[in-house]
Amino acid sequence: AAYRAFDQLGMRYDAAKALSYLAIARIRQGKTILGLDLFDRSREIFVSERNEVWLGMIDLFKAAALAREGRRFEAERLVADAREVFSAGGLTAKLAAADTLLALLRLEDGDLAAARRLCNRALERLNDLELPSLEHPALFILGRIEERAGNLASALAAFEASHHKLARSRSSAQADELKIPLLDSHLEVYQSLVALMVGDHSARDPESVFGYMELAKARNLVDLLASRALALPSRQARSVQVERVRRLREELNWYYRRLDVEEMALGDSEGGDLSELRGQTRD
């Protein structure tokens, strides 16, 4: 509906974004071929609009989808194209997302050394950006690398760090780079922690294992409640604290959207306006 409305109004940029989000939805429904076709239609519009950043974003989205289908060669080529765009624009967070996806591809190829280097590089890029939603998948993939290499203590430390970042990540209103599906599910973090602890009896006591199992269920419940809370009707009587939370959420949504718009413009990602917006959002 959004695509049709924007298309009729001649708002091609917004129409292309609507197609991109529709493509993501189709892929998450398991309709990968349809989703890839929608991405191609969206890409044609962004080419005519000369929007290089969104072309890079589409390449990264498509690469994530192709990686899930086992088409690693095509995925790697698209990640390389996206990295060129993000590097030219100085888009540090998106470069980190591309490095993380490339690390996952290297892991699946069995090149653990290259995968580890890419994960560490992604985490270095994210060091000062306060983006736990991008840090936690990078740490999770690093944990998988260390587990594959037999470094169980390092793997456990990476999984626990990933869990810590996941707990801090926002559950809604995320900027576009945070919607890149680097993991199938947040539950993978908890599943890996539990599996590693059960397999290595020296890692943690049974109480910690059950603790992570309960956290996995709690995470699902919290995400469900958070999505419903955004749609709750307003009430006449509100406590001061509840009203303040509602107002802060509205302000955060505004800042997230401003960050999205600013980052989609080519330029230095550490420029004054963007740095100031990040600081205000963090506050």
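Within the straight-line cut-off of under 24 Å between alpha carbons, the lysines reachable from K62 are K17, K31, K94, K179, sequence neighbours fewer than 8 places apart in one chain being disregarded. In terms of packing, defined here as the mean over residues of other Cβ atoms within 10 angstrom, the peptides 140-146, 33-39 line up highest first as 140-146, 33-39.
Please state the shape class of segment 53-139: rounded when a/c is under 1.5, otherwise prolate if a/b exceeds b/c and oblate if not, all from the C-alpha gyration tensor. Judged from the Cα gyration tensor, segment 53-139 comes out oblate (a/c at least 1.5, b/c at or above a/b).
R77 sits among other residues whose Cβ lies under 13 Å from its own Cβ, and their net charge, with Lys and Arg +1 and Asp and Glu -1, is -1. Highest average first, the peptides 102-112, 58-68, 40-50 ordered by how many other beta carbon atoms sit within 10 Å of their residues are 58-68, 102-112, 40-50.
Read-outs: derived from the displayed coordinates by stated rules, not from any lab. This structure is a prediction, so every number in the text was calculated from the model and none was measured. Here Cβ is always computed from backbone atoms with ideal geometry, including for glycine, and neighbour counts include all displayed protein chains.
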